[in-house]
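One structure is given below, encoded as structure tokens.
Read the figures in this text as sums done on the coordinates, not as results from a lab. In this text the structure is predicted, and so the values were computed from the model without any measurement. Note that we place each Cβ from the backbone using ideal geometry, even for glycine, and neighbour counts take in every protein chain shown.
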Amino acid sequence: MDILKKIEMYRHEEEKLKWEGTFGEYLEIVKEKPWVAQSAHSRVYNMIKDAGVEDVKGQKRYQFFSNQLFGLEEALERLVEEYFHPAAKRLDVRKRILLLMGPVSGGKSTLVTMLKRGLEAYSHHEKGAVYAIKGCPMHEDACIR
């Protein structure tokens, strides 16, 4: 496929993702697709879970982190199951700050980069779509879909 066709396909996909509307129209979307109104923690948890989870000898391995982070399965399971999962359920843990500590070259920056890039890609899928309401002064939890 030549570069011009790829650019055209990309533009077409981007156009399909754009949405602009009123609060009432947004509420209609939420009625139809309740996951649209998920919290940021819920969005991260669902992104990780939707990539796939396998159970290996009683330990969960998340496909989202495969091919980039190695030997951190236990720490990643704790991060996902003890921080993101309860926060996704809107439990008290969501009020905490997530602090990543560890040795140099321990994967902290890689983990954050993976989450950022993953969320950007996930927002282009129906389950991860983020909506913004036209003219809304609150920009903290909204991006244009």
**Report entry** Cα gyration tensor shape of the chain, rounded if a/c is under 1.5, else prolate or oblate by comparing a/b with b/c
**Finding:** oblate
Requested in this report: May I ask for the net charge around Val56, where only other residues with Cβ less than 14 Å from the Cβ of Val56 are counted and Lys, Arg are +1 while Asp, Glu are -1?
Outcome: -2
Query raised in the report: Hey, can you rank 2-12, 124-134 by average C-beta count inside 10 Å, highest first?
Result: 124-134, 2-12
**Report entry** Flagged links, alpha-carbon separation over 21 Å, of Lys49/Lys116; Lys57/Lys127; Lys57/Lys116; Lys18/Lys89
**Finding:** Lys57/Lys127; Lys57/Lys116; Lys18/Lys89
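Let a ≥ b ≥ c be the square roots of the eigenvalues of the Cα gyration tensor of segment 1-43; is it rounded (a/c under 1.5), or, if not, prolate (a/b larger than b/c) or oblate?
Working: a/c = 4.02, a/b = 2.16, b/c = 1.86.
Prolate shape, in that a/c is at least 1.5 and a/b is the bigger ratio.
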Query - Sequence-distant aspartates and glutamates (8 or more away, or on other chains) whose Cα lies within less than 15 Å of Lys16 - result: Glu8, Glu126
Query raised in the report: Using modelled amide H (1.01 Å from N, peptide plane; none on Pro or chain starts), what sits under 5 Å from the amide H of Val53, excluding residues fewer than 5 places away?
Result: Gln63
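Arranged from highest to lowest average of other beta-carbon atoms within 10 Å per residue, in what order do the peptides 21-32, 38-49 appear? Display every interim value, and only then the final one.
Numbers: 21-32: 12.4, 38-49: 18.8.
Top of the packing list down: 38-49, 21-32.
With an 8 Å Cα cut-off and a minimum separation of 6 or more residues, compute the relative contact order for the chain in percent. List each step's numbers first, then the result.
Working: 124 pairs, mean separation 42.8, N = 145.
Contact order relative to length: 30 percent.
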